[in-house]
Every structure is written in C-alpha cells, then in structure tokens.
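Below is one structure, written out as structure tokens; the observations come after it.
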Amino acid sequence: MEIFTVENLITLGMLTLLQAVLGFDNLLYISLESKRAPPEHQVKVRRLGIGLAVALRIVLLFLIMQVIQLFQNPMFSMNWKNVVEGTFNFHAVIVLLGGIFIIYTATKEIWHMMSIDDLGHEERNPSSVVKIIALIVAMNLVFSFDSILSAIALTDVFMVMAIAIIIGGILMIWLSDHVATFLEKNRMYEVLGLFILLVVGIMLITEGGHLAHLKLFGNAIVPMTKTTFYFVIVVMALSDVVQSRYRKKLMVESSLQRGRAKA
C-alpha cells in the first residue's frame with residue numbers, strides 16, 4: 001500500500017494536530033514532574049522520558065491494532081445496587097488509575113507548597129532520575145490511549161499513525177523545555193499549573209468512569225469533554241491574571257496610604 005498519498009498526507013496533518021491538542025495535559029504533567037529531578041538532570045529527564053514514551057506508544061499502537069477487542073472486553077463488574085455499579089475493561093482501569101495518580105501527585109505538591117515556610121531556602125530531596133523517567137513514560141502511555149483510539153478511527157495505515165506520534169513527540173520535547181523554563185521563571189504560575197493538573201485527574205476519572213459505565217448512588221458518571229476542560233483552564237488562567245493585577249493595585253494603594261500617613 002502506498003503511504004504518501006494525498007489522503008494519507010491530509011490524515012497525517014490531522015493526526016499531528018490531534019496529538020498536539022490532546023497532549024497539552026500530558027505536557028504540563030511532564031514539565032511539573034521533571035522539576036523533582038536534580039536541576040542538572042531535568043532537561044535529560046524530559047527528553048529521555050518523552051523519547052522512551054514515544055517508542056512505547058508506537059508499540060502500544062501496534063498492539064492495540066492487533067488486539068483492540070481485548071481492551072474493550074469486560075474484566076470484572078461491580079453491582080452494589082444504587083451504590084456502585086459498573087463493568088470495567090482494561091482501558092477503563094488504566095484511565096481511572098491514571099486519574100487517581102495525577103490527583104494524588106497534584107494534591108501532594110500543593111500540600112508541599114503550603115507547608116514551605118521560606119521559599120528562598122526550600123529544602124527538598126530530589127527524586128531518583130530513573131523513577132521520574134518511569135513515571136513520565138507510564139503517564140504518557142495513560143494519556144496516549146485517547147489519541148491512539150482516535151487515530152485508529154481516522155485511518156488504518158500504521159505508518160501514518162506512527163509518523164504522527166513521532167512528530168508529536170518531537171514537538172512535545174521542544175515545548176516541554178519552554179514550559180519548564182517559563183514555570184521556573186514565573187513560580188507563581190506553579191500553583192495554577194498544579195490545579196490544572198488536578199482538573200486533568202478529574203477529567204481522566206470521569207472518562208474512566210464513563211468507559212466502565214460506572215454509576216454512583218444511581219447516577220451515571222458523565223465524561224468531561226475536552227471543550228469543557230479547555231474552558232475551565234481559560235477561566236482559571238483569567239482568574240489568576242485578574243487576581244494578580246488586583247493584588248498589585250492593592251499593594252500600591254496600601255503603600256501610598258502609608259506614605260500619606262507618614263507625611
């Protein structure tokens with residue numbers, strides 16, 4: 001089969017764009033997670049972690065194309081009437097566990113920020129480089145399920161999907177350095193980033209619950225759409241900007257009042 005046809009090239013462009021759009025939450029996680037490594041290893045951690053994840057994502061793509069039905073077959077069920085009901089498959093379990101882990105990570109980091117007495121002398125033992133790379137690879141695979149299944153829905157040409165994944169990985173390596181540098185220079189946005197990560201975890205849990213047809217107290221779990229996710233992110237970012245500017249105005253006004261009082 002000829003790969004570089006007009007149709008396949010158009011599909012490649014669509015898949016690359018899809019990788020970029022669906023990869024935002026993954027990119028944020030990678031940038032925040034890499035900060036736990038020793039400073040001299042952070043760039044290497046991001047690049048090696050994403051590189052390994054891209055290779056494994058291609059392997060995962062191949063496996064899913066061969067045994068896609070196994071990911072959808074039920075593994076176990078819960079049937080506690082009007083309390084917890086659902087039928088879980090492999091896809092649902094992976095997405096749910098990924099969401100729980102991200103919420104745990106974000107909550108732990110937020111708690112750590114609140115417990116710091118002196119930001120200028122923050123003491124924290126850096127995590128193992130191998131451990132952080134393993135976490136980045138694992139979470140990248142969790143985030144990859146949606147993009148892979150969406151890609152399979154668009155085309156059945158393996159090479160087109162593999163090339164889109166590689167291009168997406170290269171873009172992610174480039175962007176991860178820029179995002180990490182921005183967060184390092186603007187540490188006030190770390191809090192915003194962690195709360196965005198918290199929303200990402202909630203989104204994954206709702207998606208996993210939907211895949212499992214999960215019901216809690218008789219209410220079905222409805223997945224958070226990407227449109228809703230990005231809308232929430234924009235509102236959070238605008239709120240942070242407005243609050244920051246308002247705080248600066250209050251500080252200026254307070255300083256002027258103190259100056260008048262002294263006069």
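Here is the link list: K185/K249; K108/K248; K44/K185; K226/K248; K108/K215; K131/K215. Which ones come out longer than 31 Å on Cα distance? Those over the limit are K226/K248; K131/K215. The L63 and V222 beta-carbon pair, evaluated with R₀ = 35 Å, returns a calculated FRET efficiency of approximately 0.75.
Read-outs throughout are calculated quantities, based only on the coordinates presented, and are distinct from any laboratory measurement. Please read these numbers as outputs of a predicted model, since none were measured by experiment. Reconstructed Cβ throughout: ideal geometry from the backbone, glycine too, with neighbour counts over all protein chains shown.
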